[in-house]
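Here's the structure, in structure tokens; my notes come after.
The values are calculated or read from the model by the stated rules, or taken from the named source; none is laboratory data. Since we're looking at a predicted model, the values are computed, not measured. Cβ coordinates were reconstructed from backbone atoms using ideal geometry, including for glycine residues, and neighbour counts include every protein chain displayed. Quick note on the areas: whole protein, heavy atoms, side chains included, nothing else; ligands and nucleic acids left out. Shrake-Rupley method; radii C 1.70, N 1.55, O 1.52, S 1.80 Å.
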Amino acid sequence: MSGPDEPVGRDDSAAVPEVGRDEPSPVADNGVAGEVSDTVVPDPEKHLVAASSKGPVDLGVTPGMQIASAWAWRFLVIVAAVVVIGWGMRYLSEVVVPVTVGVLLTALLIPVTLGLHKLGLPRGPSAGITVLGTIVVIAGLLTLVGTQIANQFDRLSTQVGEGVQKVRDLLRINFGLSEQDITNSLNNLRESIMSGGALGQRAAEVGTTATHVVAGLFIALFCLFFFLYQGEQIWAWVVRLFPRHAREKADSSGRKAWVSLTAFVRATIIVAFVDAFGIALGAAILGLPLVSAIGILVFVGAFVPVVGALVSGIVAVLVALVAKGPIVAIIMLGVVIGVQQLEAHVLQPFLLGRAVSVHPLAVILAIATGVVVAGIVGALIAVPTAAVVNTIVNHLAGNDVDPEPPRPLPRRRPHSPPPEPSDPSI
């Protein structure tokens, strides 16, 4: 308690020494403590400043960090969207792939339907005749290949047996393997395939795949018919799904993509036909078996750039090696290389041009992605899909590529002024 002479409420805390208020050190740089660095002063031009009830608050975010964070979250959103779209396409591949095949067939066959329609047939019957004709042609090709294989099966099996024996001899001579080693390796391979239920599992997988192929074939044919019959109305409905201000861009993008797709598909058909005809003609001249089967295999393989041509060429060379020996196989290899060089350096640049050109690296990545998503069919539709996406992106970015280089406009000769009428009075 305070004494009678002490004022009530007197504060004696000033007499108590506080931490930090002791005498400055005689050896320290005491002047630095009273200064303020420039970097801690809030600068609205260099930092992100937010408004609050106490005035502007510096959040301490530099412009570089703001730009990096903006790019980072946008990049993450794009990656997430791509992952979701890829997962959805993979999950619904049994529907997406047949629809895509139907679109590709439509781009190929729409001239036939339009031609029948110009002859006076209604659009529906024209589309139906086109679909039925396509089925007949495909069935005829498959029948031709099957008949040729059946007729030459005995001869081919004998040649394959001779080729296998030649391979065994090469392994025995060059690698020092005995007949017993080779036989044991083959027996181990057969046992590993048949043991553990692997054979039944493979059979079940083949049966499931066959069911999916049949179902996908029917979906593709239905899509083909309706795309040929009501393609314009279907596209108009798709455009109406976009907001009003985006419909013009969506429509123009789709039409640009359709132009590129039709050019790609039709050019690929021509290139595939030339490849198949050239390699089949070379096989026929060399007297190889299964000439029609080789031609059809090359025709189908040409739809997969780079990989398809390589695989079909290897098959043709192997048939030549088994049937005629190494000399004829080397000649067949020269024929395959010559035809593929003609395709790569003459046909594709002339037919496709710059409008649907895709970089080779993009082609390889697209094919790999297609194989992962949908197997062989995915490899077939990967490159045209990449070409369409490339066209749409360039169109939306304002970087449309003309199918041909611009030609100079013809210059008109300047008109000479008409002669002034002569004055009759002169």
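General remarks:
- Failed condition for residue 235, given (1) under 24 Å from residue 117 (Cα atoms); (2) open to solvent by less than 40 Å² (accessible area, probe 1.4 Å): (2)
A quick yes/no check of all residues on (1) of a type in the set (Asp, Glu); (2) under 29 Å from the mean Cα position of the chain (by Cα):
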site: 94; (1), (2): yes, yes
site: 97; (1), (2): no, yes
site: 100; (1), (2): no, yes
site: 104; (1), (2): no, yes
site: 109; (1), (2): no, yes
site: 113; (1), (2): no, yes
site: 119; (1), (2): no, no
site: 124; (1), (2): no, no
site: 130; (1), (2): no, yes
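- Single residue of 406, 360 found to be of a type outside the set (A, V, I, L, M), modelled with pLDDT under 70, more than 29 Å from residue 217 (Cβ to Cβ) and surrounded by fewer than 18 Cβ atoms within 10 Å (Cβ to Cβ): 406
- Among the residues of the stretch 390-400, just one is surrounded by 15 or more Cβ atoms within 10 Å (Cβ to Cβ) and hydrophobic (A, V, I, L, M, F, W, C), namely 392.
- Test: residue in the stretch 388-395 that is more than 16 Å from residue 268 (Cβ to Cβ), modelled with pLDDT under 60 and not aliphatic (A, V, I, L, M): no
- Cβ pairs under 8 Å, 6+ apart, first in the stretch 316-342 and under 19 Å from residue 292 (Cβ atoms) and modelled with pLDDT under 80, second open to solvent by less than 80 Å² (accessible area, probe 1.4 Å) and among the polar types (S, T, N, Q): 322/159; 323/159
- The one condition in (1) hydrophobic (A, V, I, L, M, F, W, C); (2) outside any helix (DSSP H, G or I); (3) open to solvent by less than 40 Å² (accessible area, probe 1.4 Å) that residue 121 fails to fulfil: (3)
This table checks each residue for (1) hydrophobic (A, V, I, L, M, F, W, C); (2) in contact with an Asp or Glu (Cβ under 8 Å, 6 or more places away or on another chain); (3) open to solvent by 30 Å² or more (accessible area, probe 1.4 Å).
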| position | (1), (2), (3) |
| --- | --- |
| 226 | yes, no, yes |
| 245 | no, no, yes |
| 265 | yes, no, no |
| 292 | no, no, yes |
| 295 | no, no, no |
